[in-house]
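One structure below.
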Amino acid sequence: MLTDKITEKIKNSLLNDPRFADLDFSNLLLSIPRNPDHGDFSTNFAMINSSRLKSKPIDLAQEMLNLLKKSDDSFFQDISIEKPGFINFVISNKIYQRYLADVVLQGVDYGSGIHNNKKVLIEFVSANPTGLLHLGHLRNAAVGDSIARILKFSGYDVVKEYYVNDYGNQVRLLGESLKERVLEKLKLDFNIPEGGYKGDYLIDVAETLLLTKDSRSILKEETAFFSNFAISCLTKEIEKDLEDLDINFDSWYSEKEKIHDSDSVINIKKLIMSANGLYKKEKAEWIKTSEYGDNDDWVITKSDDSSTYFMNDIAYHHDKFLRGFDKIVNVWGADHHSHISRLKASMKLLSNDLSKLDFVLIQFVRLIKDGQDVSMSKRSGTYTTIKDMLNEFNKDLVRFMMVSRSSDSHFDFDLDKCREGSDDNPIFYIQYASARINSILNKHDLNKDDTKSVDLSLLTEEKEIKLIKKILSFPDTVEEASGTMSPHKIAFYLQELAAIFHSYYKSTKVLIENDELSKARILLLSSIKIVFVNGLNLLGVSSPERM
RNA sequence: GCGCCAGUAGCUCAGCUGGAUAGAGCAAAGCACUUCUAAUGCUUAGGUCGGGGGUUCGAAUCCCUCCUGGCGUACCA
């Protein structure tokens, strides 16, 4: 990465002087100044260390500048200091050109990083399989999957997991509701139970069930049979919806199988007891989370002896730790934020390493259609499903919009403004840029040998240098998005790159008489295309060949 | 009451591990298609970063406080 190289060069030159030898060089951060007059990169390292070295920031910057200039081998075109103590760097064009040549060679790997294949478990969506996926799950799905893609690209070994809530009261109710729908189908009296599932989708499930065997033997079955059938059908539907969004899970973790059909809960309870973290009160069992950082204690076993949802969640998360991951990420809806502190407390009680545990909270997104809030249809009391959504809007648009904002800010998503052809549609803006490049490359592309012989020093136009700089900052953007688990940083980056490209496209012709220059520009475009493809892929968005 | 997230241009939002003159898109006003894709480009206008204190060389960013909005606050999951 270019920034790594620069940091290394600065560090090496400063280490020549014993005075700087014991500085904390992890504080040596480079930023890209907003104002281009301040160079390509800038550091506040002198200001940060001025008090420790007992010098005025500007004097310290001057000392550093002298060392830097002394050891520079024309990597930098210019190094300068600016009050109150910034050191600004301008990189030589030939360095930019050299790095640009690598982009095409790296191809699909360009921008990827190294994190030693540390193992990450990321759990997201995990919607209860008692219904279909609806808009409330959409942002979680898109953000979770993009984070997974980004982590993987930046060098982690990622497992994507869906926790299937296939046990408990809700599941029983689902089974009972399905049985009533079967009765309905058979034109018999039916009555969906109090608190049951009234959605039409169970009618479809009932129809499917009736195809499997004769109705008389179906009606003899226990509730569990209906529950199991419904869960299996709906899980398949969920899986299919996710596939339509290009989201695939590596692991479907069944609560019933992994937690209830095993001794998991009993074992965890023993662990809690041996940590002296459990007590009885009013016929229930409580966990002493208040002693580990939460405000309250919580019930883990109800007075009827069944375990609470929280107990199951403790068992599930403890198991995540047992499975040996270096990093455990939970992508949760913001309505679950209050669970974080109690889950952390319980994991601490069980002596797990909390630094491995990470949460991404997804705030609600309000969907506006025809000027109306359609996040939930108030009239029918039903949710708009992801199926409905994908019938009307293409996957790329939906996914891009869902990750185009920081996940901890709630935002309004106006569908009408984002329709195809609309001016307010950033994904088409980006894809269009990519398609424009394709159309040029289709007319004239370079073969491998050409690539090596291209003279990139011919790329001297202001916009060309700007494009090169932007392309070369892609790996840093990926690393930043990975470190903060923020897909929107990729989305913004791609829009900026597209903007610079469109402007360049308008002002400068690529396929021209001057063959050498033309080749250099084609190589530049090939690099941009690689960034578009790699970047959009991180968001689960395609890069169409033409539009 | 308590907790979490948010409040930045008319609208939707970036910028928040403190940095230099606060940005983008849309909307508004004007301009550019004999051209490798006009789903584009160029120009203009638009701001007391919710209010008030504090911390320091420097605050949209950190701390305190108040106001406003969203979401939570079960022996439901």
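Quick grid of which residues meet (1) more than 27 Å from the chain's Cα centre (by Cα); (2) not acidic (Asp, Glu):
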| site | (1), (2) |
| --- | --- |
| A:Val454 | yes, yes |
| A:Lys463 | yes, yes |
| A:Ser486 | no, yes |
| A:Phe492 | no, yes |
| A:Ala498 | no, yes |
| A:Phe501 | no, yes |
| A:Ser507 | yes, yes |
| A:Glu513 | yes, no |
| A:Leu517 | yes, yes |
Handout entry: Residues located in region A:112-146, provided they are closer than 18 Å to A:Lys395 by Cβ and not small (Gly, Ala, Ser)
Key = A:Phe124, A:Val125, A:Leu132, A:Leu133, A:His134, A:Leu135, A:His137, A:Leu138, A:Arg139, A:Asn140, A:Val143, A:Asp145
Practice task
Would you check if there is a residue in region A:165-180 being away from RNA strand B (no atom under 16 Å from the Cβ) and open to solvent by less than 30 Å² (accessible area, probe 1.4 Å)?
Solution key: yes
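Is it true that some residue in region A:105-112 is of a type in the set (A, V, I, L, M), out of contact with any Cys (no Cβ under 8 Å at 6 or more places or on another chain) and more than 30 Å from A:Tyr253 (Cβ to Cβ)?
Filtering region A:105-112 for residues of a type in the set (A, V, I, L, M) gives A:105, A:108.
The next check asks that each one be out of contact with any Cys (no Cβ under 8 Å at 6 or more places or on another chain); those that pass are A:105, A:108.
Now narrow it down to the ones that are more than 30 Å from A:Tyr253 (Cβ to Cβ): A:105, A:108.
Yes, region A:105-112 has at least one match.
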Handout entry: A:Ile266 vs. criteria in contact (Cβ under 8 Å) with a residue 24 or more places away in the chain and not acidic (Asp, Glu)
Key = no
Fill in the blank from the handout: Checking A:Met347, A:Met401 in turn, the sole residue that is open to solvent by less than 40 Å² (accessible area, probe 1.4 Å), assigned to a helix (DSSP H, G or I) and at pLDDT 95 or above turns out to be A:Met347
Fill in the blank from the handout: Listed by first then second residue, the pairs whose first member lies in region A:508-521 and is under 20 Å from A:Tyr96 (Cα atoms), whose partner is assigned to a loop (DSSP other than H, G, I, E, B) and of a type in the set (Ser, Thr, Tyr), with beta carbons under 9 Å and at least 6 positions apart or on separate chains, are A:Arg521/A:Thr508
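Determine if region A:284-296 includes at least one residue that is within 15 Å of RNA strand B (Cβ to nearest atom), in the same structural domain as A:Leu354 (by TED's automatic domain parsing), open to solvent by less than 70 Å² (accessible area, probe 1.4 Å) and of a type in the set (Phe, Trp, Tyr).
Taking region A:284-296 first, the residues within 15 Å of RNA strand B (Cβ to nearest atom) are A:284-290, A:293-296.
Restricting the remaining residues to those that are in the same structural domain as A:Leu354 (by TED's automatic domain parsing) gives A:284-290, A:293-296.
Next, from what is left, pick out any that are open to solvent by less than 70 Å² (accessible area, probe 1.4 Å): A:284-290, A:293-294.
With of a type in the set (Phe, Trp, Tyr) added as a condition, the list becomes A:286.
Yes.
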Practice task
Among the residues of region A:298-343, count how many are under 15 Å from A:Lys269 (Cβ atoms), more than 8 Å from RNA strand B (Cβ to nearest atom) and part of a loop (DSSP other than H, G, I, E, B).
Solution key: 1
Exercise for the section: Using the structure shown, decide if A:Asn391 is surrounded by fewer than 20 Cβ atoms within 10 Å (Cβ to Cβ), in a loop (DSSP other than H, G, I, E, B), polar (S, T, N, Q) and more than 9 Å from RNA strand B (Cβ to nearest atom). Expected result: no
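Sort out for me the helices (runs of 4 or more DSSP H) sitting completely within region A:43-116 that have 2 or more residues that are among the small types (Gly, Ala, Ser).
Values: elements: A:45-49, A:57-71, A:93-106.
Helices (runs of 4 or more DSSP H) meeting the threshold: A:57-71.
Search region A:508-536 for residues being out of contact with any helix residue (DSSP H, G or I) (no Cβ under 8 Å at 6 or more places or on another chain) and loosely packed, with under 15 Cβ neighbours inside 10 Å, and hand back the single one that is nearest to A:Val478 (Cα to Cα). If you could, list the steps in order and put the result at the bottom.
Initially, region A:508-536 is screened for residues out of contact with any helix residue (DSSP H, G or I) (no Cβ under 8 Å at 6 or more places or on another chain), giving A:509, A:513-515, A:518.
With the extra rule that they be loosely packed, with under 15 Cβ neighbours inside 10 Å, the set shrinks to A:509, A:513-515.
Numbers: A:Lys509: 30, A:Glu513: 37, A:Asn514: 36, A:Asp515: 34 Å.
Ranking the candidates gives A:Lys509 first.
Does region A:519-530 contain at least one residue that is of a type in the set (D, E, K, R) and touching a strand residue (DSSP E or B) at 6+ places or on another chain (Cβ under 9 Å)? Break it down stepwise before answering.
Taking region A:519-530 first, the residues of a type in the set (D, E, K, R) are A:519, A:521, A:529.
Next, only the ones that are touching a strand residue (DSSP E or B) at 6+ places or on another chain (Cβ under 9 Å) stay: none.
No: zero hits.
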Exercise for the section: With the condition kept exactly as written, say whether any residue in region A:528-544 is near RNA strand B (Cβ under 8 Å from one of its atoms) and either modelled with pLDDT under 95 or closer than 30 Å to A:Lys327 by Cβ (or both). Expected result: yes
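Being surrounded by fewer than 21 Cβ atoms within 10 Å (Cβ to Cβ) and under 30 Å from A:Pro475 (Cβ atoms) narrows it down to one residue among A:Asp204, A:Asp157, A:Asp189, A:Asp200; which is it?
Details: A:Asp204 fails: under 30 Å from A:Pro475 (Cβ atoms); A:Asp189 fails: under 30 Å from A:Pro475 (Cβ atoms); A:Asp200 fails: under 30 Å from A:Pro475 (Cβ atoms).
Matching residue, one of A:Asp204, A:Asp157, A:Asp189, A:Asp200: A:Asp157.
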Practice task
Quick one: which helices (runs of 4 or more DSSP H) lie wholly within region A:188-280 and hold at least 1 residues that are under 30 Å from A:Arg399 (Cβ atoms)?
Solution key: A:201-212, A:223-244
Practice task
Name the residue, out of A:Asp59, A:Asp109, A:Asp78, that is among the charged types (D, E, K, R), open to solvent by 30 Å² or more (accessible area, probe 1.4 Å) and modelled with pLDDT of 95 or more.
Solution key: A:Asp109
Handout entry: Single residue of A:Lys54, A:Lys83 found to be modelled with pLDDT under 90 and at positive phi
Key = A:Lys54
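The values are calculated or read from the model by the stated rules, or taken from the named source; none is laboratory data. Every value quoted in this text rests on a predicted model; they were computed, and no experiment measured them. A quick note on method: Cβ atoms are made from the backbone with ideal geometry, for glycine too, and the neighbour counts reach across all protein chains shown. Note: areas computed on protein heavy atoms with side chains; ligands, DNA, RNA excluded. Shrake-Rupley method; radii C 1.70, N 1.55, O 1.52, S 1.80 Å.
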